[in-house]
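Written below as structure tokens is the structure these notes are about.
Rule-based calculations on the coordinates, nothing more; no lab input. It should be emphasised that the depicted structure is a prediction, and the values quoted were computed from it without experimental measurement.
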Amino acid sequence: MTPRIMGVDCGEKRVGLALSDPLGITAQPLSYIERKTDAQVAGEIEELIKIYEVERLVVGLPLSMSGGDTPQTKRVRRFISRLRKMLDIKVEALDERLSTAEAERALIDMDVRRDRRKERRDIVAAQLILQGYLDTKSISPLP
């Protein structure tokens with residue numbers, strides 16, 4: 001199996017996860033983790049990294065609209081620091097402004113019921129974060 005990249009959206013209650021396809025072209029929805037503690041979430045991510053042979057983690061960083069840090073940004077930065085210390089793979093932060101709102105809009109457009117949107121929103125946000133990362137990596141200059 002080709003090494004994969006995992007996208008992570010750190011919600012307050014749930015952490016959404018997405019996984020790249022074997023060729024590293026598209027982001028696929030994976031699952032979510034119910035957040036109890038950062039240590040518990042990090043441990044579950046570590047297990048999934050082993051199962052899916054993930055070589056890189058891309059974590060959405062919720063910056064303010066002006067690009068600055070918010071209390072949530074600081075919490076996610078601490079979580080990223082924890083992941084970097086415990087994992088043997090590269091952990092990258094990626095600006096994820098509006099990914100949750102975009103995920104909500106996409107789910108509404110797909111006519112997903114309100115009660116189902118809540119649990120799917122973080123997964124779709126992780127998918128959008130990862131797809132944005134994959135898209136920037138696939139851009140190469142023309143010959």
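Compared with the direct C-alpha span, the chain from L87 to E34 gains 17.1 nm at full extension, assuming 0.36 nm per residue. Here segment 1-90 has an Rg and Dmax of 13.1, 41 Å, counting Cα atoms alone.
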